[in-house]
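Asks: One structure, pasted below without further comment.
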Amino acid sequence: MANDELMVNEELKDKLKPTGRDWAHTVVKAGISSIPIVGGAATELFSAIVTPPLSKRRDEWIESIGEGLKRLEAKFEGFKAEDLSQDEMFITTVMHATQAAIRNHQEDKKEALRNAVLNAAVRSAPEEDLQLIFLNFIDSLAPWHIRILRFFENPREWGEKHNVKYPNWSMGSPGSVLEHAFAELSGRREFYDQLVRDLSSKGLLGIDSLHTTMSEQGMFASRTTAMGNQFIRYITSPLKD
């Protein structure tokens, strides 16, 4: 019986043998092999499940960055992607963004990371230390954080852009405006309050409570800080007009 099991394990290893192209194989295999109760064919099986999606994420990410750089060359006179090989901050940005992109499946976050790389490429990004802070923000924030931050940059303009018509309020709270703009957040006060507190603690929003009654002008006032506005520009594509 032991010999039969050994033969099965060996056959399974041959079938699931990785190509060696993906760095994720080494990482995943080493991590699982360090657990005493898991190893052998189980390690290879896990690698076979996890590695292909990681390879796909990596390849799609690289393709999106390459396409973005080509479009930058077409839009910005004098910009040459090949010159970026000498730009240390750009390389650092790509490394940070790539690791975060492979860890994430949300399109909003991957788009923000891609835009950060493109802004670093055309040197429209902030100072180096702030770029690193912003990259960590993108990695740690949820897509809803980013949506709410963009919304509070200018709620009225956001409404016009997304075809949202607001009631004729005379008084109310910013929370009422937010729930009207995003039907998915209606009745989910605890959830979006936490998102707002997170953004406020990072210095991106200048408000930590959305439930103070105020005039209509106050309800629609911008709530983003100067750093919040910088962050929004950093995650907005330089390819947009």
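The values are calculated or read from the model by the stated rules, or taken from the named source; none is laboratory data. Every value quoted in this text rests on a predicted model; they were computed, and no experiment measured them. Neighbour counts run over all protein chains shown; Cβ positions are idealised from the backbone, glycine included.
Asks: Would you check which residues across the range 48-76 are out of contact with any Lys or Arg (no Cβ under 9 Å at 6 or more places or on another chain) and either modelled with pLDDT of 90 or more or not assigned by TED's automatic domain parsing to the domain that holds Pro126 (or both) and list them?
Replies: Glu63, Gly66, Glu67, Leu69, Lys70, Arg71, Leu72, Ala74, Lys75, Phe76 - these are the residues of the range 48-76 that are out of contact with any Lys or Arg (no Cβ under 9 Å at 6 or more places or on another chain) and either modelled with pLDDT of 90 or more or not assigned by TED's automatic domain parsing to the domain that holds Pro126 (or both).
Condition check ((1) surrounded by 13 or more Cβ atoms within 10 Å (Cβ to Cβ); (2) closer than 19 Å to Thr236 by Cβ; (3) small (Gly, Ala, Ser)) across all residues:
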| site | (1), (2), (3) |
| --- | --- |
| Asp139 | yes, yes, no |
| Leu149 | yes, yes, no |
| Ser173 | yes, no, yes |
| His180 | yes, no, no |
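Asks: Go through the range 188-206 and give me each residue that's farther than 13 Å from Ala142 by Cβ, in a loop (DSSP other than H, G, I, E, B) and in contact (Cβ under 8 Å) with a residue 40 or more places away in the chain.
Replies: Passing the criteria: only Leu204.
Asks: Across the range 200-219, what is the total count of residues that are of a type in the set (A, V, I, L, M, F, W, C) and either out of contact with any helix residue (DSSP H, G or I) (no Cβ under 6 Å at 6 or more places or on another chain) or on the phi > 0 side of the Ramachandran plot (or both)?
Replies: Residues meeting the conditions: 2.
Asks: Write out, first by first residue and then by second, each pair whose Cβ atoms fall under 6 Å of each other, whose residues are 6+ apart or on separate chains, and whose first residue, in the range 70-99, is surrounded by 12 or more Cβ atoms within 10 Å (Cβ to Cβ) while the second is β-branched (Val, Ile, Thr) and assigned to a helix (DSSP H, G or I).
Replies: Final answer for the pair search is Thr93/Val117; Val94/Val117; Ala97/Val117.
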